[in-house]
1. At a Cα cut-off below 24 Å, give the lysines reachable from residue 29, other chains included and same-chain residues fewer than 8 away excluded.
2. Probe radius 1.4 Å, ligands and nucleic acids ignored: give me the carbon and sulfur share of the accessible area of the chain as a rounded percent.
3. For region 179-241, what's the radius of gyration and Dmax over Cα atoms, in angstrom?
4. Please work out how much length the chain gains when fully extended from residue 93 to residue 74, using 0.36 nm per residue of separation minus the C-alpha to C-alpha distance, in nm with one decimal.
5. From the square roots a ≥ b ≥ c of the eigenvalues of the alpha-carbon gyration tensor of region 209-264, which class results: rounded (a/c under 1.5), prolate (a/b over b/c), or oblate?
6. What is the Cα radius of gyration of region 133-270 over 2.2 N^0.38 Å, N being its residue count?
7. Please compute the contact order of region 120-172 in relative form: average sequence separation of alpha-carbon pairs under 8 Å and at least six residues apart, divided by the residue count, as a percent.
8. Pull out a ≥ b ≥ c, the square roots of the eigenvalues of the alpha-carbon gyration tensor of region 100-158, then state rounded if a/c is under 1.5, prolate if not and a/b is larger than b/c, and oblate in the remaining case.
Amino acid sequence: MGVINVSPNSYYKKSIATDYESISKCAKKMEIDGADIVDIGAVSTAPYLEDIASQYVEEERVRVAIEAVRHSTSLPISIDTQKAAVAELCVDMGVDIINDVTGLKYDKNMAKVISESRIRLIMGAFNRNDSRTKCGDIQETIKILRTSIGIARENKIRDENIIVDPSIGFFRKEGKNDFFTKIRNMEWYERDLSIISNLDKLGTLLKPVCISVSNKSFIGHVFGLDTKKRLIPSLIFELLCFLKGATIIRTHNVKQTRLAIKTLEHYPKK
């Protein structure tokens, strides 16, 4: 899953494309490089950001982005949004997946939009300020995702349309917006590393797993690298996730990630 950020304040600047032409070129390159899906993010929800774009701005951005990607590729489109109204607009424009980092917990109308459209849904692990979330380890993450799966089932969202995401980078002790889960007993980068190490345990949910680790801040913290220098550890962590059962690798580095996974698939199995 290749990432195109149409928000100018995304943390990874190379993934930003904000006008029709640049979005089209970016999507076409991803298709050539081996992407299976294009994920469009119109609003950055990084925990350190205080100013979040309005719904109107988000809608204007996704309109342009969807048209640009549709014009230049035949790839399925995923839209990264937490707002039901934006999701509904995107569904009307023919997108294939809604990627909600809050797991249906931010906008109470999101589940209805997903249910009625019968679209596929990626649900991020999200628990905001629930005091029961201590460290966000794999067991707590599974419990959080089970709650979102329960919301989906209550709203008659088909089980086969649900994909889960453990939300690397979104569990923090502090943040400036509503889109992170507060943890208390573990450092955020330790939490992210522990999730990757135990990713196979998400198999108990019996759902496909999407994960995004490329160029994430835990890599910068652990290795002292800025975003321009995180490619190698990004690829290694992506391969670890693949080996531990991830179905979808959401990445900024489509060509390199595709080649790395192809290389691994050619390794003789004993």
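The values are calculated or read from the model by the stated rules, or taken from the named source; none is laboratory data. If you're wondering where the values come from, they're calculated on a predicted model, not measured in any experiment. The area values use the complete protein model at the heavy-atom level, side chains included, leaving out ligands, DNA and RNA. Shrake-Rupley method; radii C 1.70, N 1.55, O 1.52, S 1.80 Å.
1. Leaving aside lysines fewer than 8 places away in the same chain, those within reach of residue 29 are 13, 14, 216, 228, 229, 255, 262.
2. Numbers: 6580 of 12580 Å².
In the chain, the share of accessible area belonging to carbon and sulfur is 52 percent.
3. 12.6, 36
4. On the way: separation 19, 0.36 × 19 = 6.84 nm, distance 1.42 nm.
The span from residue 93 to residue 74 would gain 5.4 nm if fully extended.
5. Judged from the Cα gyration tensor, region 209-264 comes out prolate (a/c at least 1.5, a/b above b/c).
6. 1.10
7. Relative contact order here is 58 percent.
8. In terms of gyration-tensor shape, prolate.
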